[in-house]
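Step one of this worksheet: look at the structure below.
Read the figures in this text as sums done on the coordinates, not as results from a lab. From a predicted model like this one, the values you see are computed outputs, not experimental measurements. Neighbour counts are summed over all protein chains in view; Cβ atoms, including those assigned to glycine, are modelled from backbone coordinates with ideal geometry.
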Amino acid sequence: MKPQRQINQEYLTGERPLFGESGLQINHTLFGEGESPLKECHQIEMENSMFQLGKILVLSLVSTFGTYAIAANAVSNAIALFQILPGMAISLAITTVISQCVGANDYEQVHYYLKKLLAIIYVAMVGTVALIFLALPLILKAYNLSDQTAAAATNIIHFHGISAMIIWPLSFALPAAYRAAGDAKACMYTSIVSMWIFRIGFSYLVGKYMGLGVFGVWVAMVIDWVVRAICFVIRYFNGKWKHGAIV
């Protein structure tokens, strides 16, 4: 069967963003953070798309820091996902709500609901991160980690949680509104450039050459978030994201 729906120049993140889809043609699309983006999909055609290549390169770097770093990174990834889970969930609502407002050509409502949903994300993420911080000793105990691995994972989770509460919504939830308004191309280009220069390049610079090890890889990730946030906030205020809608 020939694909019926096209996805063009998108940047897809989160767990299984296209779960169970069928009959898709995916063009010039970047799959970012998250696992199994095409799980249980059928009849998919893809062209010029990129799957988490940056993540693979970063993981290859982490493997050079030793087994403790590999374990700490894996555990931290699992826990960190829960820290940003409210933001990922509400970002889906942002896409739906903003697209409805853009379709009605009511940008006053776009600004109102975007600010309101971003505020909800901040509150939800603060609560979630606080609970994870409180439960972290018990969570790490369940993994039965060595002292060195547990200490590294604790530092990473604390750093990631604090950074996520401040920066993540502007880096990932805000561009969800732009994509809903038809500004997917700018989001994709910003994400690709930031990933290669800051997420990957700075992982080697901070982690390997500055000697911070696996913690440096997570520092580089947050630097990537900061750069994206700055770019997306500037784009919000200059209003260029409003010109891509097809109403």
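Would you kindly calculate the translational diffusion coefficient of segment 66-114, applying Stokes-Einstein with the Kirkwood radius from alpha carbon pairs, for 10 °C and a viscosity of 1.306 mPa s, and quote it in µm² s⁻¹ without decimals?
In µm²/s, the coefficient rounds to 121.
Between the beta carbons of ILE234 and LYS141, assuming R0 = 35 Å, the FRET efficiency works out to 0.20 to the nearest 0.05.
Temperature 25 °C, viscosity 0.890 mPa s: under these conditions the Stokes-Einstein estimate for segment 89-247, based on its Kirkwood radius over C-alpha pairs, is 143 µm² per second.
Could you size up the charge dipole of segment 44-167 around its Cα centre, putting +1 on the beta carbon of Lys and Arg and -1 on that of Asp and Glu, and report it in debye to the nearest 20? If you can, show how the numbers build up before the last one.
Values: 4 positive and 5 negative charges, 70 e Å.
For segment 44-167, the charge dipole is close to 340 debye.
For segment 66-134 and segment 201-247, what is the separation of their C-alpha centers, rounded to whole Å? The two parts, judged by their Cα centres, are 16 Å apart. Scoring 134-144, 58-68 by mean Cβ neighbours within 10 Å over their residues and listing the highest first yields 58-68, 134-144.
Please state the shape class of segment 154-227: rounded when a/c is under 1.5, otherwise prolate if a/b exceeds b/c and oblate if not, all from the C-alpha gyration tensor. Cα axes put segment 154-227 in the oblate bin.
Provide the packing ranking of 221-234, 113-126, i.e. peptides ordered by the mean count of other C-beta atoms within 10 Å per residue, highest first.
Values: 221-234: 19.4, 113-126: 17.2.
The densest-packed peptide leads the list: 221-234, 113-126.
Positive-end ranking of VAL227, PRO137, ALA184 along the dipole of segment 97-247, with charges on Cβ about the Cα centre, is headed by ALA184. Checking the cross-link pairs LYS55/LYS116; LYS55/LYS185; LYS115/LYS242; LYS116/LYS240; LYS55/LYS208; LYS116/LYS242 against a 26 Å limit on the alpha carbon distance flags LYS55/LYS116 as lying beyond it.
With only Lys, Arg, Asp and Glu charged, each at its Cβ (+1 for the first two, -1 for the last two), find how big the charge dipole of segment 179-235 is about the Cα centre; round to the nearest 20 debye. All intermediate terms of the calculation are to be shown ahead of the outcome.
Working: 6 positive and 2 negative charges, 18 e Å.
For this selection, approximately 80 debye.
Take every Cα pair under 8 Å whose residues are at least 6 apart in sequence, average their separation, divide by the length of segment 177-232, and the relative contact order is 32 percent.
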